[in-house]
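Down below is the structure, laid out as structure tokens.
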Amino acid sequence: MMEDIVFIGQIAIKSSVAVLLATIGEIITERGGVLNLGVEGMMIVGALAGFAAGFATGNPYLAIAAGAMAGGALSLIHAFFTIKLRSNQVLCGLALTILGLGLANFLGRPLIGEAGVRIRAFAVPYLSEIPYLGEIFFQQSPYAYGAYILGPLAWYVMFKTRAGLVLRAVGEDAAAADAAGVNVAATRTIAIWVGGLFSGLAGSYLSLSYTPGWKETMTGGQGWIAIAMVIFCTWNPLRAFWGALLFGGLTALQFFFQATSIDIIPAYVLKMLPYLLTIGVLVLVTSSGKRRRSASPADLGVPFSRES
Amino acid sequence: MIRLVKKSEVTRYSGLNSVAIAGFIAFGTGCIIFGLLGVNPLTAYTVMFKGVFGSFHSFSEVLVKATPLTFTGLAVAVAAVMMLWNIGAEGQLVWGGIFAAGTALFLLPEAQPYMLIPAVLVTAAFGGMLWALIPGVLKARFQVNEILTTLLLNYVAIIYMEHLFYGPWRDPAGFGFPGTAQLPEAAHLLRFLGTRIHLGFPLAMLCAVGLFFLLNKSSWGYKVRVIGKEQKAASYAGFNVTGKTLAVMAISGALAGMAGMAEVCGIHYRLQTGLAVGYGYDGIIVAWLAGLNPLFVPLTAVLLGALFVGGEQLQSVLGLPSTISLILEAALLFGLFAGKAMQQYRLVFIRSDSIPERSPAGRPE
Amino acid sequence: MTTPVISLSGISKYFGTLAANRDIHLNVHGGRIHALLGENGAGKSTLMSVLAGRYQPDDGSIALHGREMRFTSPAQALESGIGMVYQRFMLIESMTVTENLLLAAQKKIGGSNCRRLISETAEQYGLAIDPDKYVYELSMGERQRVEIVKLLLLDADVLIFDEPTAVLTPVEIDAFFTVLKKLRSADKAIIFITHKLEEVLELADDISIMRKGRVIISTEADRKQISKRQLARLMVGRDVVLRVNKEEIPPGETVLRLRNFSGADVHGTTRFENIDFEVRRGEIFAIIGVAGNGQSGLVSAIAGLTRADSGEVSFAGSTFNAREWAKAPKDDMAYVPEDRYHTGCVGSMSIAENFALTQIGKYRKGATKLALDWQKMSEDGTRAVEEFKIKAQSAQDTAQSLSGGNLQKVILSRELSRNPKLFIAEQPTQGLDISATEEIWQALLKCRERAGVLLVTGDLKEVLSLSDRIGVIFNGRLLDIIDATDSDQIGRVGLLMAGVTS
């Protein structure tokens, strides 16, 4: 029994890392007042770039960096169109996803089936020896440890530093932030870019660590789930962990039932569950959050210009 | 004095200009990609052009592709006019296909064409409608963001469809091939002139015209447009936003469902992989390139169809990956943004004795 | 006189083809209050936004203490000591006062001494604020104080106020004037944008008047020489007598009666409680109050846009409870909403199309009633354009291409054409120039001949000019109803607006 729980826990964490990283990134972007629906596209490009760099150089650090930078580079397209040209943010994000998937499909074709760098799990000394919890949390990929740190770090920067104050100000009321002397365009560009780095990183986790290898369908909607999780965790990076764990937990259950060939729930229903549950969570959060003062950044999705 | 300023009003043909700019940018992007691949862009574009316009048959393939694209483009457009984002046309298309195949294979397998074809049409539209009503109800009742719900439901629909043709609906005589049995011939849509152009094509054109009149000439369409443009004005005027949300999502889903029916009964003759190839997402591009005008949707659908057929030609003639058309497609959309931004600015001459009579639009002093 | 702190020369600013400012020359001195007077649309706010670095001038130069400066952002202007308090306060509502001040203070002050600096500055000028409160919890007067402290913390010595008294209660206005005087004695240069003549005469040391984008006069204020009438004439360019011909009309039957009507606004935050009043045909019943005292919730509940919690409504002979009322047909009720840009019309639709907004039933045609009669819509729109002298090429012009006054006339004519029994006008002349105001007032007076008019406004002058009876709303309650002919009581209206009942 306990073994099963540890097994499920381990896989749950393992399966939630990408969503967690992407969620943190999107929270940062949205806190700055910009909606970037291109997460799925940035993730898949990050996955491809990470895998390709690893394949070419054999260097895992370069591979990780390439993944993150590719996501960041793609996000700058979003920044240019939404901030400079003030294009519709929803549409632009969709275009970014289409572009990302197209690029991945096109550029990744020769890499299908190749074996690249593999970033393996490694047990953290001492911590991993904690019974059960250690096994679940501290025998993971370095990416997971990175995510453990990045979540709280993002929270700290966002709520305890001047940079965070500026970021939130730009997302809440860009005109007021501008009047207070904040450079709105620069702040938003950075917020989008950092979000892109996180998405790219999340993608590279998939191709380097989670399921090493390259497949153009490997993100499987995780980018979209991350965007939904942003709403679930009310734009708070600390809560992103729970949102991601929800997704990871369902994926783990799927593995568990497959591995043990217990057939209580049909496989296809299990496969649907992460998506259905994400929708359920959205309904719950939206309908319960109506009466409270909305947690969403007030200027989310609103382009800013002094002379419009 | 000459200055670059924001336009206060968009000129009449600005939509067309935007599309021209979009096309130009996509063209340029293509040149760069072909260049990077070491192919003369001129050669590549010639191949694409010949592949599309080279023969009657090749152009007929464009219209074949334009058929589902028109349906999904209309589906996206009708929702977008009310500022609803239906990113779920893909899933609704899948359900249209499931319902169409189910009707033909299991519900009315013995029926005559005059009976079965309308039945397939109605059930497919109904299937897409039901699937679209899930996010519709969630939006109308709980204000749940429809972008995410429509999109996430795509994955669910595809998983279910795969379950069907890998499992209970798999063709028993198909040697393990993932797909249903072939539909009875009575369910096959009529084809024209020895090509693969089928009944779905004129049907799609009819839907475009019908939707145009509904949106632009009827009182219902007037209300939908008001809601889309200015929600506060709509509730001030007492329009029923909830009801319209449901109705628009239902229409949108039904149109996407028809796309699924067109593919299943017009092209594949069975439910199989290759039904969900992204027409639902392409519909977004079709709709916005058409400026959400139902009458322009068939034109942009043909444009996109030509891009796909051209891409396939690149693969068969030059051995280039056909997925290049996916990138060109995204470039078209980004080009449209650039075009729109360029449309908003223009060079003006300011006469120094012009006196302001009114404050600029939307800027009460 | 000493060298001016600010010297503008030849400033021009264009929006599209419209010249908002044309060749403006202006000097502002330290230790003086400079009033910038002009109608809406005269270019005052644009000029000051140029000075404060928000807009870039297209021509001309700004000199600060005799040195030419060029500001590309508000931040740069602030650094040079020029700060502006905008009409819409530039504060982030979901943050505390301290957070807002820290944000504006850039890196100059840290968190620990920020609090000390705030209380020091506040004390010096009599600007009491609670640094830990969230901005959304503050009244408009308090928010204004935060804005002033913000500028003072940054050592601004030129302070620009854009219509600072528009959102304040009479009591708050007095307190604000005291602060201004203190700032003046601290040798700050103060620019004060307004179109209220009384304020100019009370406070200003210098007066500049703008009309159609130009400064037409800039002079020292000599109270013996200048009269209100003269100022108004200069401002508008012709003689204006904002006195309306109000004929006596005997009040008819009661059109609307509210009993114990209670509820909240759309956000559920500002409430109105136990409202009782009636509106009769032939009269203008006014509800006056400072913005945010529950009147907007009350109006939307009366108009049926939101549902009140409790109470009773009698309208045109039938009586409804709060729930029934929200769904009751209101064809005989016309409503001109406060937000004319996004609620009263659809900006990107034509004047003709906007004519159908609240009376679409009138334009249905055909057996199915599905089709619309575009011809008739266009005719009605054209007639309105002619009748109300709306400045537009045709009824096919989009609503957003109209100025505020013309747009309001479109909305007004549409609502009048519905032949209502009750006519609700919410802040009908807010932000409009004097001539548009005049026309709208005349239309309302005319409307009262065949309907009951409910006027909801914060403008005391409007109420005194138009209404027959006046209800004062404060903090969600109707404090008193005063007869406009009762000269003993009428003086209490201003005090009641501030919540002073004794």
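Which number comes out as Rg/Rh for region C:366-476 once both Rg and the Kirkwood Rh are worked out on C-alpha atoms?
1.03
Treat each spin label as a single point 7 Å out from the Cα along the C-beta direction, and report the residue C:450 to residue A:163 distance in nm.
6.8
Only sites in a loop by DSSP and with at most 13 other Cβ atoms within 10 Å count here; which trypsin sites (Lys or Arg not before Pro) in region C:57-89 make the cut?
Sparse-neighbourhood loop trypsin sites (Lys or Arg not before Pro): C:70, C:88.
Relative to the compact globular guide of 2.2 N^0.38 Å, what is the alpha carbon radius of gyration of region C:6-236, as a ratio?
1.00
Could you give P(r) for chain B, binned at 20 Å from zero, as whole percent values over all Cα-Cα pairs?
27, 53, 18, 2, 0
Any idea what the dipole of the protein assembly as shown comes to, in debye rounded to 20, about its Cα centre with Lys/Arg Cβ at +1 and Asp/Glu Cβ at -1?
1300
Return the subset of B:223/C:246; C:44/C:182; C:196/C:327 for which the Cα-Cα distance in this structure is over 31 Å, preserving the input order.
Listed pairs above 31 Å: B:223/C:246; C:196/C:327.
Using Cα positions and a limit of under 25 Å, work out the lysines in reach of residue A:14, with same-chain residues fewer than 8 apart set aside.
Straight-distance partners of residue A:14: A:215, A:271.
Any idea how far apart residue B:232 and residue C:375 come out in nm if each label point goes 7 Å out from Cα toward Cβ?
3.7
Quick check: pseudo-label points 7 Å beyond the Cα along Cα→Cβ at residue C:277 and residue C:2, how many nm apart are they?
Here the modelled spin labels are 5.0 nm apart.
Mind running the shape call on region B:233-286? Use the C-alpha gyration tensor, a ≥ b ≥ c as the square roots of the eigenvalues: rounded below 1.5 for a/c, prolate if a/b tops b/c, oblate otherwise.
prolate
Does chain C classify as rounded, prolate or oblate by the C-alpha gyration tensor (a ≥ b ≥ c root eigenvalues; a/c under 1.5 gives rounded; else a/b over b/c gives prolate, otherwise oblate)?
Note, shape of chain C comes out prolate.
Which FRET efficiency value, to the nearest 0.05, do you get for residue C:123 and residue C:87 by plugging their Cβ-Cβ distance into 1/(1 + (r/R0)^6) with R0 = 41 Å?
0.90
HN-Hα J couplings of region B:276-291 from phi, Karplus 6.51/-1.76/1.60, θ = phi - 60°, integer Hz, Gly and Pro as x?
Each residue's phi maps through the Karplus curve to give 8, 10, x, 4, x, 6, 4, x, 4, 5, 4, 5, 6, 4, 7, x Hz.
Which far-off residues, 5 or more places away or on another chain, put their amide H under 5 Å from the one on residue C:161, with H placed in the peptide plane?
Those lying under 5 Å, H to H, from residue C:161 are C:85, C:191, C:192, C:193.
I'd like the projected area of region A:169-282, averaged over all directions, using the convex hull of its alpha carbons. Report it in nm² with one decimal.
Reported value for the Cα convex hull: 9.0 nm².
What dipole magnitude, in Debye to the nearest 20, does chain B give about its Cα centre under +1 on Lys/Arg Cβ and -1 on Asp/Glu Cβ?
That gives chain B a dipole magnitude of about 1180 debye.
Taking the convex hull of the Cα atoms, report for region C:33-101 its projected area averaged over all directions, in nm².
6.2
To the nearest whole number, what is the average tally of beta carbon atoms from other chains within 10 Å of the beta carbons of peptide C:16-25?
5
Could you tell me the total accessible area buried at the B-C interface, probe 1.4 Å, in square angstrom to the nearest hundred?
3700
List, in order, the whole-Hz ³J(HN,Hα) value for each residue of region B:323-333 obtained from phi through the Karplus relation with A = 6.51, B = -1.76, C = 1.60 and θ = phi - 60°; use x for Gly and Pro.
Listing the rounded values in order: 5, 4, 5, 5, 5, 4, 4, 5, 4, 4, 5 Hz.
For region B:79-225, what is the convex hull volume of its Cα atoms per residue in Å³?
141
I need the helices of chain C that pass two filters: whole DSSP H segments spanning 24 Å or more by Cα along the axis, and mean Kyte-Doolittle score no lower than 0.5.
Counting only whole DSSP H runs, no helix qualifies.
About the Cα centre, and with charges only on the beta carbon of Lys, Arg (+1) and Asp, Glu (-1), how big is the dipole of region C:6-236? Nearest 20 debye, please.
Value, rounded to 20: 520 debye.
Sequence gap at least 6, Cα distance under 8 Å: using those rules, report the relative contact order of chain C to the nearest whole percent.
14
State, in square angstrom and to the nearest 100, the accessible area buried between chains A and B, both chains counted, probe radius 1.4 Å.
Summed over both sides, the interface buries about 3700 Å².
Can you give the Rg to Rh ratio of the protein assembly as shown, both from alpha-carbon atoms, with Rh computed by the Kirkwood formula?
Ratio of gyration radius to Kirkwood radius for the protein assembly as shown: 0.99.
Give the Debye-formula value of log10 I(q)/I(0) at each listed q (0.08, 0.11, 0.13, 0.17 Å⁻¹), with one equal scatterer per alpha carbon of region A:2-295, two decimals each.
Reported log10 I(q)/I(0), two decimals: -0.34, -0.64, -0.90, -1.43.
What average number of partner chain Cβ atoms lie no more than 10 Å from the Cβ of the residues making up A:271-282?
What the average comes to for A:271-282 is 5.
For region C:1-65, what class follows from the C-alpha gyration tensor (a ≥ b ≥ c being the square roots of its eigenvalues): rounded when a/c is under 1.5, otherwise prolate if a/b is larger than b/c, else oblate?
Verdict is prolate for region C:1-65.
Tell me the mean residue ellipticity at 222 nm calculated for chain B from its helices only (DSSP H runs of n ≥ 4, each -39500 (n - 2.57), averaged over every residue, nearest 500).
-21500 deg cm²/dmol
Would you tell me the mean number of C-beta atoms belonging to other protein chains that fall within 10 Å of each C-beta in C:339-345, as a whole number?
5
For chain A, list the DSSP H helices whose alpha carbon atoms reach 20 Å or more along the long axis and whose average Kyte-Doolittle value is 1.6 or above?
Flagged H segments are A:89-108, A:267-288.
Which value, in Å², gives the accessible area per residue of region C:280-358 when a 1.4 Å probe is used on the protein heavy atoms?
Roughly 33 Å² per residue, with all protein chains present.
Take the Cα atoms of region A:215-299, build their convex hull, and give its volume per residue in Å³.
It comes to 114 Å³ per residue, whole-number rounded.
On average, how much accessible surface per residue is there in region B:68-300, in Å², for a 1.4 Å probe, leaving out ligands, DNA and RNA?
Accessible area per residue, region B:68-300: 34 Å².
Roughly how far apart, in whole Å, are the Cα centres of region A:1-67 and region B:110-168?
Cα centres, region A:1-67 to region B:110-168: 31 Å.
Using a 1.4 Å probe on the protein heavy atoms, what percent of the accessible area of the protein assembly as shown belongs to carbon and sulfur?
The nonpolar share, carbon plus sulfur, comes to 57 percent.
Mind jotting down the three principal axis lengths of region C:85-179 based on Cα atoms? Whole angstrom, largest first.
Here the Cα extents, ordered largest to smallest, are 36, 28, 20 Å.
The values are calculated or read from the model by the stated rules, or taken from the named source; none is laboratory data. Note that this is a predicted model, so its numbers are computed, not measured. A quick note on method: Cβ atoms are made from the backbone with ideal geometry, for glycine too, and the neighbour counts reach across all protein chains shown. What goes into the accessible areas is simple: the full protein's heavy atoms, side chains included, and nothing from ligands, DNA or RNA. Shrake-Rupley method; radii C 1.70, N 1.55, O 1.52, S 1.80 Å.
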